[in-house]
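Trainee: Next up is a structure, given as structure tokens.
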């Protein structure tokens, strides 16, 4: 069963269309990356899933059921714009937010105490939020997102505002939640997050979904028989089976070249051909990073992306 | 419903637990009687300690024969004008009144020499004394003796009795009604403004702190708005109830304190006689206080309390929803100002109508319309309550008020749900209209 199934979701405003017939399939127990440039319609989609606004058209199912008021407790939402009641004490705040999600008061107290201990904030229970550091407030906000044990968690840019230590803490927490059976939707620009954490991705651009699938599938789809070769002594292909995309000198007489096979030849054949003209030191297939796929799809500037190739993941 | 209740509780507790709430709730009822007490005390002391003003009189006509009163002591001087003036300069008396020889028909040339500018009150006192004396002299001139004169002076005190349809007669005192209507009207006006602003500030705070997106993912914007409006209403009612109780306790204590001291009480009564207009003084003949108290007892207190509470809440809800919509539309208090005036305008009109039409003539057609139209009725009708408005008008006004706040709540909710999620947009009436028309 899918955690979320969207069909033909459309939202129009008077001056523009925010979402145009978007279909999504979010498998259960996955970490799903919702990618897209600013203004693509991600926030609109997330708000529709959270029932903050209604879609004009389309159908959304959560764990098989049509989206309804009952799902408020099923979903945990961390908006990009963080905010808490500044004058309210941490404990009261958590209890209140949990109660709004449908927990009873006793449950809410119990859960908030558990989480606050888990995040090492126990001594801040009676302090007002305005006395907390930004990082601590972020933690409180994260707790409020997950404390009612939602099966579907939506995190909008979850790592913004976290220092590396806390970001690591949140990452571990997210993985733990996944292990417990939660489905997590990430909306983010940070491609390293997607690279590290997501199993599935969808790319939304200009109100339309332009790509969806598992990370592996997507990468598979966007590999294009390109290989990175480190070699000693420069070369120039004369036969028409290969295309030399770029060749950059590194130290001494060493070079790094980007070579694409343009026909049905195998990588083995390429190595054989290369050894005849140069001294090969390394040979590795260039699998596109999510960042490259993203930029390529959004800007349509295919060549540029590959020309600026650098092997180390950014 | 459950969620509105949660928000209601939160809003209520947030405000009630604040130190400022506690301080305001306790201090206000103490401050008012304290101010009144201090003022009264100073006044009484002043009256007690006041020495009679000494006025030297040089009466060349020989007709006036001014007699000393409680407040003025007249000393007749038998020297000529210049001598009298020099003597006066060396004395510490208040003034020298010079009366030349004059005809009764044209009393000109009367002059008051003083060292400092005399107060208007003293000038008026002296003028009325002189006028009274000339009046008497003229009567004598026409051969009317004092006894006839006395029998001409009659004090009329109209006893106003309302005859209701059931034939029951109620004593009423217009002056007392006026005061009651005035106080009730002002209370509603202040309450709506103060707590309406609280709603607006609360909404702006939620919006600027960005918490609102989390909240509306759990509750509908309408529930959030309604919970907030009702929660703040409860704060207002609680505060108001505490004030009423504390004020009645402290003022009765204060009254008891003053009542125990007889000379002071007499002075107070004297004061009230002097302060009021002659007509009022005439109305308060033998025992004015008991008469006013009797009037208030005759009023249907329960009905006034109920109707006051109704308009108190109704007016607040009507305007509160609009203030919530403004709070949702703007990003800061400064931005809100452009929308505040149009909202407050009908309330201010109602407030002026209270003075201009309702209190002077509670049953005029202007009073009728102001107390029927929902935007002005909370202030206007409450001003009329003490004057016993016809039941059908009361019911019509209340039905329209309920309709009015349902309408403003609906209108506000449509703007609110869009506005709270909008940041940094320049808002004007066109934008508000667009939000209003927008689908969910």
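Trainee: With the requirement that a residue be within 11 Å of another protein chain (Cβ to nearest Cβ) and either in contact (Cβ under 8 Å) with a residue 40 or more places away in the chain or surrounded by 17 or more Cβ atoms within 10 Å (Cβ to Cβ) (or both), what does the range A:63-74 give you?
Mentor: Matches in the range A:63-74: A:71, A:72, A:73.
Trainee: Any residue in the range A:35-43 that is within 11 Å of another protein chain (Cβ to nearest Cβ) and either out of contact with any strand residue (DSSP E or B) (no Cβ under 8 Å at 6 or more places or on another chain) or at pLDDT below 90 (or both)?
Mentor: Looking for residues that are within 11 Å of another protein chain (Cβ to nearest Cβ) and either out of contact with any strand residue (DSSP E or B) (no Cβ under 8 Å at 6 or more places or on another chain) or at pLDDT below 90 (or both), one finds at least one in the range A:35-43, hence yes.
Trainee: Report whether or not residue B:16 is at pLDDT 80 or above, in the same structural domain as residue B:237 (by TED's automatic domain parsing) and touching a helix residue (DSSP H, G or I) at 6+ places or on another chain (Cβ under 8 Å).
Mentor: Yes, satisfied.
Trainee: Another question about this same structure. If I ask for residues that are within 15 Å of the chain's Cα centre (by Cα) and assigned to a helix (DSSP H, G or I), which ones from the range A:15-44 would you list?
Mentor: Across the range A:15-44, the qualifying residues are A:42, A:43.
Trainee: Looking only at the range A:134-148, how many residues end up being within 11 Å of chain B (Cβ to nearest Cβ) and either assigned to a loop (DSSP other than H, G, I, E, B) or over 29 Å from the mean Cα position of the chain (by Cα) (or both)?
Mentor: Total satisfying the criteria: 1.
Trainee: Looking at residue B:196, is it at pLDDT 75 or above, under 30 Å from residue B:320 (Cα atoms) and out of contact with any strand residue (DSSP E or B) (no Cβ under 9 Å at 6 or more places or on another chain)?
Mentor: Spelling it out, residue B:196 is indeed at pLDDT 75 or above, under 30 Å from residue B:320 (Cα atoms) and out of contact with any strand residue (DSSP E or B) (no Cβ under 9 Å at 6 or more places or on another chain).
Trainee: Turning to a different aspect of this structure: Which condition breaks for residue A:284 when tested against (1) part of a helix (DSSP H, G or I); (2) modelled with pLDDT of 80 or more; (3) exposed (fewer than 13 other Cβ atoms within 10 Å of the Cβ)?
Mentor: Only one criterion in (1) part of a helix (DSSP H, G or I); (2) modelled with pLDDT of 80 or more; (3) exposed (fewer than 13 other Cβ atoms within 10 Å of the Cβ) is unmet by residue A:284, namely (1).
Trainee: Name, by its number, the condition in (1) under 16 Å from residue A:78 (Cα atoms); (2) in contact (Cβ under 8 Å) with a residue 24 or more places away in the chain; (3) buried (at least 16 other Cβ atoms within 10 Å of the Cβ) that does not hold for residue A:100.
Mentor: Only one criterion in (1) under 16 Å from residue A:78 (Cα atoms); (2) in contact (Cβ under 8 Å) with a residue 24 or more places away in the chain; (3) buried (at least 16 other Cβ atoms within 10 Å of the Cβ) is unmet by residue A:100, namely (2).
Trainee: Check whether at least one residue in the range A:116-133 is within 12 Å of chain B (Cβ to nearest Cβ), over 28 Å from residue A:40 (Cβ atoms), crowded, with 17+ Cβ neighbours inside 10 Å and modelled with pLDDT under 95, and report yes or no.
Mentor: Scanning the range A:116-133 turns up at least one residue that is within 12 Å of chain B (Cβ to nearest Cβ), over 28 Å from residue A:40 (Cβ atoms), crowded, with 17+ Cβ neighbours inside 10 Å and modelled with pLDDT under 95.
Trainee: Could you check how many residues of the range B:416-429 are within 12 Å of another protein chain (Cβ to nearest Cβ) and farther than 21 Å from residue B:229 by Cβ?
Mentor: 2
Trainee: Only one of A:83, A:41 is within 23 Å of residue B:416 (Cα to Cα) and surrounded by 22 or more Cβ atoms within 10 Å (Cβ to Cβ); which?
Mentor: The unique qualifying residue is A:41.
Trainee: Here is a follow-up. In this structure, does residue A:77 turn out to be in contact (Cβ under 8 Å) with a residue 24 or more places away in the chain, within 13 Å of chain B (Cβ to nearest Cβ), part of a strand (DSSP E or B) and within 29 Å of the chain's Cα centre (by Cα)?
Mentor: yes
Trainee: Still on this structure, please answer the following. For the range B:195-213, give me each residue that is surrounded by fewer than 23 Cβ atoms within 10 Å (Cβ to Cβ) and without any contact (Cβ under 8 Å) to a residue 40 or more places away in the chain.
Mentor: Answer for the range B:195-213, where residues must be surrounded by fewer than 23 Cβ atoms within 10 Å (Cβ to Cβ) and without any contact (Cβ under 8 Å) to a residue 40 or more places away in the chain: B:205, B:209, B:210.
Trainee: Separate question: Does residue A:108 fit the bill of being touching a helix residue (DSSP H, G or I) at 6+ places or on another chain (Cβ under 6 Å) and either within 9 Å of chain B (Cβ to nearest Cβ) or buried (at least 17 other Cβ atoms within 10 Å of the Cβ) (or both)?
Mentor: yes
The values are calculated or read from the model by the stated rules, or taken from the named source; none is laboratory data. Model, not experiment: these values are computed from the prediction. Reconstructed Cβ throughout: ideal geometry from the backbone, glycine too, with neighbour counts over all protein chains shown.
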